[in-house]
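The values are calculated or read from the model by the stated rules, or taken from the named source; none is laboratory data. Keep in mind that what you see is a predicted model, and the values were worked out from it rather than measured. Backbone-built Cβ (ideal geometry, glycine too); neighbour counts: all protein chains shown. Protein only, heavy atoms only, side chains kept; ligands, DNA and RNA dropped before computing areas. Shrake-Rupley method; radii C 1.70, N 1.55, O 1.52, S 1.80 Å.
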Amino acid sequence: MNTDVTEPEGAHPAGLPLRPRRRWLRWTALGASVAVLAAAGAVWTLYNKLDGNIRTDVETVNQLRRFERERPRTVVHEARNILLIGSDDRGGDNGEYGRDSGTQRSDTTILLHLSADRSGATGVSIPRDLMVDVPECSRPDGTTTRAQFTQFNWAFQMGGAGCTIRTVEKLTGIRIDHHLVVDFTGFKRLVDAVGGVEVCLAEPVDDPDAQLTLDAGRQTLDGEQALGYVRTRKGIGDGSDTQRMARQQEFLASLVRKVHDEGILTNPAELYPVLDAVTSSLTADPGLDSLTELYALANSVRDIPADRVRFMTAPRQPYALDPNRDELVRPDADRLFEALRDDRPVPEFPAEDKDGSAAPDAGTGGAQASPDAVPTAVPDAATRLSATGATALEAGTGLPEPTGSPSPGATPASGDMTGNLCG
């Protein structure tokens, strides 16, 4: 055998150590593979955590199936009608907001309509004190409630989300495609996750029951303050539920603006805490009870312009037999519900001033209002928030006028005019 045969260039004799460069390449490849696997594992872990946060409302699904024949039919299949329910349950982590009597009511209910082409979204608040026909409903213990004429938020107490959905469908003729129930704690965490939400106050707020004390003017509210702000009645304005709904709508508009303008949905580092806050507070129907389904919904509305996101209140007035309760204004409410049902633009209604006369259109860039509403663009915030009907808001119009009409005889802080508190 010829022992002088030259080793082919590039061959590596057995038993000899790897050259430093090749060793480095192998370790780099191995490290990269481990990093990719670790990242994939972390993403999967986070996904499972968020997905597991969401509770599925099987009870409501079963109740709706029982009464399927009574439910309205879907008119525009591509459109979506989602009922958002804010629960005032005082159990568990919510015990600090009052003693739990074993029942709960819907503190806030919003019918969110997404247009079929996803070019716009309309949120309609349903007053909690609205007198409505609540149908026969199933209780969690298997018993059945009797059909009755009562205030709207009792539906949730009597039969949960299923009873509330059927009451809304009976009231509006609109089929509810999905529903989401959000509790107090989740709302606070969401506001904190986005770094607080800015509002403008026409007067100082002092409401011990809502655990809320705020100065007049521009304020950035954290989660605890925001919860008190959207719940308070006694410590601001005239104490009416109508004004509280207007504040809730304005707050949601400010929240939508912040998420949209700061690109939170496209920043993973900022998006995760928002998703964690949202999912941990949700009880949803099987069509929205996974992160994949929620993401698909969010992705479908991501490109809706901020000025095409509208919030309003169903046209209402004091109930004829009890001024502390509400009733719908007909036929204006019927026109509103019909437009949403058919996925048509919401009709315009003349705004009403405090004396009941029609106020001139101040120009809201397309936002619609109901008979007794004054749009956000009206300079007189006291007039706007003391109106008794629907309030329309557009998320893209900048910071709203000061919220909370000064109490009778009250003087704006520091001698400022109400409209100048926030510049």
Positions within the range 198-212 being in contact with a strand residue (DSSP E or B) (Cβ under 6 Å, 6 or more places away or on another chain) and surrounded by fewer than 20 Cβ atoms within 10 Å (Cβ to Cβ), in sequence order: E198, D206
Condition met for N81 (farther than 28 Å from E338 by Cα, under 22 Å from the mean Cα position of the chain (by Cα) and either modelled with pLDDT of 90 or more or open to solvent by 20 Å² or more (accessible area, probe 1.4 Å) (or both)): no
G160 passes all but one of (1) under 30 Å from V132 (Cα atoms); (2) surrounded by fewer than 19 Cβ atoms within 10 Å (Cβ to Cβ); which number fails? (2)
Would the range 185-197 turn up any residue that is out of contact with any Gly (no Cβ under 7 Å at 6 or more places or on another chain), open to solvent by less than 10 Å² (accessible area, probe 1.4 Å) and not in a loop (DSSP other than H, G, I, E, B)? yes
Of the residues A284, A306, which is within 18 Å of T108 (Cβ to Cβ) and either without any contact (Cβ under 8 Å) to a residue 40 or more places away in the chain or among the aliphatic types (A, V, I, L, M) (or both)? A284
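Among the listed residues T60, T74, identify the single one that is assigned to a loop (DSSP other than H, G, I, E, B), over 25 Å from K188 (Cα atoms) and modelled with pLDDT of 90 or more. Before the answer, list the steps.
On the way: T60 fails: assigned to a loop (DSSP other than H, G, I, E, B).
Every option except T74 fails the conditions.
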Just to check your reading of the model, which residue among A246, A226, A277, A269 is surrounded by fewer than 18 Cβ atoms within 10 Å (Cβ to Cβ) and either small (G, A, S) or closer than 17 Å to I110 by Cα (or both)? A269
Per the filter on the range 270-324, residues hydroxyl-bearing (S, T, Y), assigned to a loop (DSSP other than H, G, I, E, B) and closer than 24 Å to P127 by Cβ are S281
Please give the number of the condition R166 fails out of (1) within 23 Å of A296 (Cβ to Cβ); (2) surrounded by 21 or more Cβ atoms within 10 Å (Cβ to Cβ). (1)
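Condition check: of a type in the set (D, E, K, R) and modelled with pLDDT of 80 or more. Does D326 satisfy that? Spell out how you get there, then give the answer.
On the way: of a type in the set (D, E, K, R): yes; modelled with pLDDT of 80 or more: yes.
In short, yes.
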Does the range 203-220 include one or more residues that are part of a helix (DSSP H, G or I), touching a Ser or Thr at 6+ places or on another chain (Cβ under 9 Å), under 21 Å from A284 (Cβ atoms) and small (G, A, S)? no
The listed residue being in a helix (DSSP H, G or I), in contact with a Lys or Arg (Cβ under 7 Å, 6 or more places away or on another chain) and not small (G, A, S), out of L255, L265: L265
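Looking at the structure I just gave you, is I236 at pLDDT 85 or above, open to solvent by less than 20 Å² (accessible area, probe 1.4 Å) and part of a loop (DSSP other than H, G, I, E, B)?
Working: at pLDDT 85 or above: no; open to solvent by less than 20 Å² (accessible area, probe 1.4 Å): yes; part of a loop (DSSP other than H, G, I, E, B): yes.
So I236 fails the test.
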Checked against (1) on the phi > 0 side of the Ramachandran plot; (2) at pLDDT 90 or above, Y319 satisfies every condition except (1)
Can you tell me which residue within the range 95-144, out of those that are surrounded by fewer than 19 Cβ atoms within 10 Å (Cβ to Cβ), modelled with pLDDT under 90 and polar (S, T, N, Q), is nearest to Q317 (Cα to Cα)? T103
